[in-house]
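Structure, as structure tokens:
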Amino acid sequence: MADTQQTLSNALVHRQDREHVFHSWSVQGALNPVVIKSGSGSRLWDYDGKEYLDFSSQLVNTNIGHQHPKVVAAIKAQADELTTIAPSTANHARNQAAERILGIAPQGFSKVFFTNAGADANENAIRMARLYTGRDKVLSSYRSYHGNTGAAIVATGDARRVPNEYARGHVHFFSPYLYRSEFWAADEAQECERALHHLRRVIESEGPQGIAAILLESVPGTAGIMVPPKGYMQGVRALCDEFGIIMIMDEVMSGFGRTGKWLALEHYEGVTPDLITFAKGVNSGYIPAGGVIISDKLNQYFDDKMFPGGLTYSGHPLAMASIVATIDAMREEGMVEHAAKIGAEVLGPGLRALAEKHAVIGEVRGLGVFWAVELVSNRDSREKLPVEAMNALKAGCMQRGLLPFIADNRLHVVPPCNVSAEEVAQALAIYDAVLAEVGAAYAK
Ligand SMILES: Cc1ncc(COP(=O)(O)O)c(C=O)c1O
């Protein structure tokens, strides 16, 4: 694999990948990965010069787009000074990263525990909640994704949990999703009231004195970008207070501008969790990083009690420098405000206009640069578009130069926070053409 830039081609990189690289979540023999050479902003290129608009933000993490020059420069500068240092040391880059993160957290949060990614952030938040309460059980939604390590994967509600159920004390409940309501609800208010009643009954039936935490995404992401109805998060907070349960909000996907706010929890007036987990957008994924933002209540507890957790790369200087530069660049360039505006004025209206035109669109929902387009073969029955149709949708987008994010029967429209109105218009035109083809072939 000692080939130089000149000799690299799509064919060579693809062949070497298939020979030597074992991929996530896949039947290895069925893989056909897209080859990517380089990127800038919302665009990527392969070795043959083909351009793609990245409307996936990879795994919904490149919130500032690809190769932001200020972040690349900060990583290089940190590499010149100190590339690695043990977590037990005091380090300026780490202090600054913690300070920047606390600067966007709600009042009452005073420390950050750094991890390598989102899953281990949730692992450690669960560990903190169990130690603080002396209780064992953790409640989370069936419609969630929290990561792929021991406890986090079992806290995950979707099907990836099933082959991994070896961690203890995890219980699931249904969170609100009006379009496919579990509660026969007719409107948002009913969905909210019934989902909260269901959660109360799960707590009572599981025994509140044994429940350490409720873990939930501020806006469930991979499970379908379902913004909770008004009052739901306030209701969950009230249940946590009533039963002495720690509320953990997972901001791994929804945080750092994705919903048009620094943290998605800002959409829920009066709701402050006890622990907040983050990763992805905190540094746009340029260097692996995540963590737990810890409220004063839990910090005080650990002031004189041992915290039995740690990671070799907790607070890694390259990751820390990239966090500082990312948050500074987002502030300087008004990216969070831009994400809110482009969502409200361009992306949301554009997707709703597509829904008027294409019967395969069952529902459009979202905020900022975080949208789901639910695709159905029949609008009345809400039958999901089959996997062949979703594969055709993906192929149609790729062929026209757009990298889509597809989950189950949904197209997730999740560009970087600094995507331009022109790029959104280009993407909408591609979706329009592809939906016309797929609709003609699969609508009933
Ligand atoms: C909400 C949420 N939590 C946790 C994770 C896990 O993060 P990571 O893959 O960085 O471990 C993800 C990943 O997609 C996520 O979306």
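We did not get these values from a lab; they are worked out from the coordinates using the rules stated. Owing to the predicted nature of the structure, the values given are computational and were not obtained by experimental measurement. We place every Cβ from the backbone using ideal geometry, glycine too, and count neighbours over all the protein chains shown.
Listing for the model above:
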quantity	calculated
FRET efficiency, 1/(1 + (r/R0)^6) with R0 35 Å, evaluated for Ala189 and Ala73 via beta carbons	0.10
Dipole magnitude of the stretch 70-332, debye to nearest 20 (Cβ charges: Lys/Arg +1, Asp/Glu -1, about Cα centre)	360
In nm, spacing of pseudo-spin labels at Arg331 and Ala433 (7 Å Cα→C-beta vector)	4.2
Partner aspartates and glutamates for Lys111 [C-alpha distance under 20 Å; skip if fewer than 8 residues away on the same chain]	Glu99, Asp120, Glu123, Asp250, Glu251, Glu266, Asp274, Asp296, Asp303, Asp304, Asp328
Assigned charges on the beta-carbon of Lys, Arg, Asp, Glu; the chain dipole about Cα centre (debye)	460
Label-to-label distance, nm, for residues given as Asp48 and Glu383 (7 Å Cα→Cβ offset)	3.7
Linear extension gain, Phe243 paired with Arg168, 0.36 nm per residue minus alpha-carbon span	24.9 nm
Calculated from backbone phi, Karplus (6.51, -1.76, 1.60) coupling profile of the stretch 38-51 in Hz, x at Gly/Pro	8, x, 7, x, 8, 10, 9, 9, 9, 6, 8, x, 6, 9
Packing-based exposure ordering (other Cβ within 10 Å, fewest first) of Glu269, Glu217	Glu269, Glu217
Sorted by Cβ density within 10 Å, fewest first, the residues Ser24, Ser295, Ser420	Ser24, Ser420, Ser295
Cα principal axis extents for the chain, largest first, Å	59, 59, 42
Members of Lys230/Lys261; Lys50/Lys384; Lys137/Lys230; Lys137/Lys297; Lys384/Lys444; Lys261/Lys394 lying beyond 23 Å, as alpha-carbon distances in this model show	Lys50/Lys384; Lys137/Lys230; Lys261/Lys394
Options Val27, Ser420, Leu265, ranked by Cα towards positive dipole end of the chain, top entry (Cβ charges)	Val27
For the stretch 70-332, alpha-carbon Rg relative to the globular expectation (2.2 N^0.38 Å, N residues)	0.99
Gap separating the Cα centres of the stretch 37-55 and the stretch 284-339, nearest whole Å	29
Residues Ile126, Ile75, Ile203 arranged by fewest to most Cβ contacts within 10 Å	Ile75, Ile203, Ile126
Cβ-based charge dipole, the stretch 291-444, positive-most Cα from Leu402, Ile327, Val360	Val360
Selection from Ala119, Tyr431, Ser38, by position along the positive dipole direction of the chain (Cβ)	Ala119
Anchor Lys70: lysines whose Cα lies under 21 Å away (excluding residues fewer than 8 positions away in-chain)	Lys37, Lys280
Tensor-based shape of the stretch 135-176 (alpha-carbon gyration tensor, a/c under 1.5 rounded, otherwise prolate or oblate)	oblate
